[in-house]
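S.K.: After the structure tokens below, expect a handful of questions from me.
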Amino acid sequence: MMRESVDTAGAAGVLYLVSTPIGNLEDMTLRALRVLKEVALVAAEDTRHSRKLFSHYGISTPLTSCHQHNEVGKGEQLLAALREGRSVALISDAGTPGIADPGYRLLCRCLEAGIEVVPIPGPSAVVTALSVSGLPTERFAFEGFLPAKKQARLAQLATLQSESRTLVFYEAPHRLLATLKDLIAVCGTTRPAVVARELTKLHEEVFRGTLAGALDHFSSARVRGEIVLLVGPALEVEEKPAETVKDALLRLHRETALPRRQLVKRVAKELGLPGAEVYRESLELPELGKD
Ligand code: SAM
């Protein structure tokens with residue numbers, strides 16, 4: 001049943017979780033616009049950012065900030081407004097609130113307090129990227145952002161090595177190459193990978209290939225923009241340890257017949273290992289020939 005009016009006299013207000021565009025302002029639903037215009041208050045992750053959306057669509061509803069640092073305290077104020085019968089919309093900077101964005105704690109608090117919570121669906125980068133990826137979509141696992149520190153990242157990736165669902169990560173542009181190298185170290189070079197960059201924006205790009213191909217593609221210039229990284233499921237045949245340095249050297253030797261030093265360089269890049277380490281191992285493979 002469609003809700004026609006946002007405020008109901010006498011009753012508690014409703015918390016609306018409103019999705020907003022992830023780049024292209026046209027991706028705003030009619031329902032989201034109506035709700036944002038009709039509620040008493042809009043709680044936004046960054047009010048300056050949301051003012052641009054508001055001015056584009058002529059929305060004049062009062063804005064208040066609700067971000068990860070004030071979500072608990074601000075939640076109590078919003079709850080008081082809801083209890084007084086005022087409806088509140090929660091928005092994040094982009095996409096769906098609560099998805100790698102603030103919102104979860106406020107939502108739980110409202111559910112605890114018996115406040116009605118209504119979703120106003122719309123864009124989210126995870127589903128947008130998955131839908132266009134070409135990777136299996138029947139089952140997927142959203143991993144959000146990986147840890148920024150290498151050791152923690154590697155440890156988390158190790159738990160996902162033989163995951164049989166498509167994996168979806170949010171990634172910062174300056175960490176993409178490091179993450180691809182870590183993924184190669186854990187999952188091997190040939191696992192299918194998709195990098196969806198700047199979705200719905202002017203410079204939208206969807207790279208589809210393997211982990212090694214993605215590393216190669218994005219190594220040539222500084223990576224910019226917003227990124228969703230997807231990794232195809234581990235197939236049964238892939239459920240063997242990641243490719244060793246020697247295997248990688250021999251594979252490239254067969255494929256390219258490059259001289260040893262260039263093979264070493266390519267393998268070091270693919271596996272994210274120091275060149276000296278790869279060179280040492282290459283010396284145990286006489287079939288690679290001389291330098
Ligand atoms: N709540 C948002 C959602 O529903 O998708 C996600 C917010 S999270 C803080 C921001 C991350 O989402 C970015 O760092 C990027 O990984 C991903 N993202 C957001 N917009 C994107 C876009 N237009 N193209 C690719 N990735 C995007």
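S.K.: Considering the Cα positions of the chain, please state its Rg to one decimal place and its Dmax as a whole number of Å.
M.R.: 23.9, 85
S.K.: Using the alpha-carbon atoms, what tilt in degrees (0 to 90, nearest 10) does helix 260-271 show relative to the longest principal axis of the chain?
M.R.: 20 degrees
S.K.: Hand me the trypsin sites (Lys or Arg not before Pro) from the stretch 114-189 located in a DSSP loop with no more than 12 other Cβ atoms within 10 Å, in residue order please.
M.R.: The qualifying sites are R139, K149.
S.K.: With 20 Å as the limit, write out which pairs from K181/K246; K150/K269; K246/K290; K265/K290; K150/K265 have Cα-Cα distances beyond it, or answer none.
M.R.: The pairs that break the limit, which is 20 Å between Cα atoms, are K150/K265.
S.K.: Relative to the present Cα-Cα distance, how much length would full extension add between E255 and S65 at 0.36 nm per residue of separation?
M.R.: Numbers: separation 190, 0.36 × 190 = 68.40 nm, distance 5.60 nm.
Stretched out fully, the E255 to S65 stretch lengthens by 62.8 nm.
S.K.: Can you bin the stretch 245-288 into rounded, prolate or oblate? Criterion: square roots of the alpha carbon gyration tensor eigenvalues sorted a ≥ b ≥ c, rounded for a/c under 1.5, prolate for a/b above b/c, oblate for the rest. List each step's numbers first, then the result.
M.R.: Working: a/c = 1.64, a/b = 1.24, b/c = 1.32.
Cα axes put the stretch 245-288 in the oblate bin.
S.K.: For the charge dipole of the chain, defined by +1 on Lys and Arg C-beta atoms and -1 on Asp and Glu C-beta atoms about the Cα centroid, which residue among V228, P136, A89 has the Cα displaced farthest towards the positive pole?
M.R.: V228
S.K.: First select every other residue whose beta carbon is under 15 angstrom from the beta carbon of L250; then total the charges, Lys and Arg +1, Asp and Glu -1.
M.R.: Taking every other residue near L250 into account, the sum is -2.
S.K.: How big is the accessible area of E112 in square angstrom, nearest 10, if you roll a 1.4 angstrom probe over the protein chains?
M.R.: 140 Å²
S.K.: Of all the accessible heavy-atom surface of the chain, with the other protein chains kept in place and a 1.4 Å probe, what percent is carbon and sulfur?
M.R.: Reported share for carbon and sulfur atoms: 54 percent.
S.K.: Of the peptides 45-53, 97-105, how do they stack up when ordered by the mean number of other Cβ atoms within 10 Å, highest first? Could the numbers behind the result be given before it?
M.R.: On the way: 45-53: 15.6, 97-105: 19.0.
Ranked by mean Cβ neighbours within 10 Å, highest first: 97-105, 45-53.
S.K.: Further, regarding this structure: Could you give the accessible area per residue of the chain, probe 1.4 Å, as a whole number in Å²?
M.R.: Normalised by residue count, the accessible surface of the chain is 51 Å².
The values are calculated or read from the model by the stated rules, or taken from the named source; none is laboratory data. These numbers were taken from a predicted model, which means no experiment stands behind them. Note: ideal-geometry Cβ built from the backbone for every residue, glycine included; neighbour counts use all protein chains shown. Heads up: the accessible areas ignore ligands, DNA and RNA and are worked out on the full protein's heavy atoms, side chains in. Shrake-Rupley method; radii C 1.70, N 1.55, O 1.52, S 1.80 Å.
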